[in-house]
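Peer 1: I'd like to ask some things about the structure below.
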Amino acid sequence: MVFVQAVAIRESGNPVKKELRNTRSRQTRAATKCAQNGLIERDGFRSPRMPKPRRIGYIRVSTASQLTDRQVMQLEAECVELRVEFISGAAVERPVFDTLMQELRAQDTLVVVDLDRAFRSSIDAMLTADDLRRRKVHFRILSMPIDTTTAEGELFYTMVAAFANFERQIISRRTKEGLEAARKRGVRLGRPPHLSPEIVHDAYSWMCAEDLPCRYVAALLSVSRLTLQRAFHREKLTYPVLSTTTSHDVGCDPF
């Protein structure tokens with residue numbers, strides 16, 4: 001847009017309307033041509049258009065095997081964009097969350113379902129909330145109505161963050177105590193072994209009798225060589241396996 005303010009007056013004092021119209025037409029055509037050629041990007045008299053505020057939801061679960069349905073259903077109705085991350089809440093580096101924090105602009109809103117879905121500890125929650133407030137980024141927790149822009153809301157937010165951190169520590173402690181009790185009862189933790197004890201003993205006896213390499217027997221059992229070797233050690237079998245001609249000299253049990 002081009003603003004033209006011109007007054008042309010002859011000595012007689014009458015405005016020259018035709019000359020003024022021609023001047024305006026020439027200036028309008030020149031401005032249109034510059035805009036078409038890319039010489040004018042925007043109107044210099046107008047402020048640049050501000051980006052539309054966004055509502056972005058953050059979803060976190062510890063492992064990929066856990067479902068995100070509960071968080072997705074609640075955030076879909078509130079947000080225009082969702083970010084999902086599969087990582088432990090206690091992890092030092094959270095790539096998706098860190099990238100989201102850098103992309104947030106003023107007047108955007110970060111939305112989470114629960115407080116512990118976004119923060120590692122109460123200190124982390126307070127520091128992040130303070131950073132968002134300084135950047136004029138709104139923060140909302142669906143499970144509780146908290147307005148961190150007021151003194152009362154900030155106090156309540158601090159208390160909730162402390163209790164969430166306490167609950168996480170209690171759960172971690174109970175999990176460790178349960179695992180230790182299971183070990184004392186003789187329960188084997190972790191994934192079940194791929195090879196049963198009977199298969200391991202049969203494979204060991206075959207290797208002793210036929211003088212077969214471990215890699216060959218492991219391939220027949222559809223496992224790796226290291227898996228078969230660990231199975232031998234788990235069953236307290238001597239490895240490397242020697243043939244039956246020398247097994248009696250070194251104590252190899254052919255079973």
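Peer 1: Any residue at all in segment 128-145 that is under 23 Å from Arg54 (Cβ atoms), part of a strand (DSSP E or B) and touching a Phe, Trp or Tyr at 6+ places or on another chain (Cβ under 6 Å)?
Peer 2: Checking segment 128-145: not a single residue is under 23 Å from Arg54 (Cβ atoms), part of a strand (DSSP E or B) and touching a Phe, Trp or Tyr at 6+ places or on another chain (Cβ under 6 Å).
Peer 1: What number of residues within segment 161-182 satisfy the criterion of being small (Gly, Ala, Ser) and either exposed (fewer than 12 other Cβ atoms within 10 Å of the Cβ) or not assigned by TED's automatic domain parsing to the domain that holds Ser122 (or both)?
Peer 2: Number satisfying all stated conditions: 4.
Peer 1: Additional query: Checking the structure you have, find out if any residue of segment 221-240 is at pLDDT below 85, outside the structural domain of Val112 (by TED's automatic domain parsing) and of a type in the set (Phe, Trp, Tyr).
Peer 2: yes
Peer 1: I'm told Arg173 meets every condition in (1) at pLDDT 80 or above; (2) under 28 Å from Leu237 (Cα atoms) except one. Can you identify the failing condition by its number?
Peer 2: Checking Arg173 against (1) at pLDDT 80 or above; (2) under 28 Å from Leu237 (Cα atoms), the one that fails is (2).
Peer 1: What residue, among those in segment 213-242 that are among the polar types (S, T, N, Q) and surrounded by 13 or more Cβ atoms within 10 Å (Cβ to Cβ), is nearest to Ala203 (Cα to Cα)? So that I can check it myself, show each step before the final result.
Peer 2: Initially, segment 213-242 is screened for residues among the polar types (S, T, N, Q), giving 222, 224, 227, 229, 238.
Okay, now just the ones that are also surrounded by 13 or more Cβ atoms within 10 Å (Cβ to Cβ), so 224, 227, 229, 238.
Values: Ser224: 14, Thr227: 13, Gln229: 11, Thr238: 13 Å.
The extreme case among them is Gln229.
Peer 1: Which one is surrounded by the fewest Cβ atoms within 10 Å (Cβ to Cβ), of the residues in segment 126-138 that are under 20 Å from Glu103 (Cβ atoms) and out of contact with any strand residue (DSSP E or B) (no Cβ under 7 Å at 6 or more places or on another chain)?
Peer 2: First pass over segment 126-138, keeping only residues under 20 Å from Glu103 (Cβ atoms): 127-138.
Filter once more, keeping what is out of contact with any strand residue (DSSP E or B) (no Cβ under 7 Å at 6 or more places or on another chain): 127-128, 130-131, 133-136.
Working: Leu127: 12, Thr128: 18, Asp130: 12, Asp131: 13, Arg133: 14, Arg134: 8, Arg135: 13, Lys136: 12.
Here the residue is Arg134.
The values are calculated or read from the model by the stated rules, or taken from the named source; none is laboratory data. The model shown is predicted, which means the values in this text are computed figures rather than measured ones. Glycine gets a Cβ as well: all are built from the backbone with ideal geometry, and neighbour counts include every protein chain shown.
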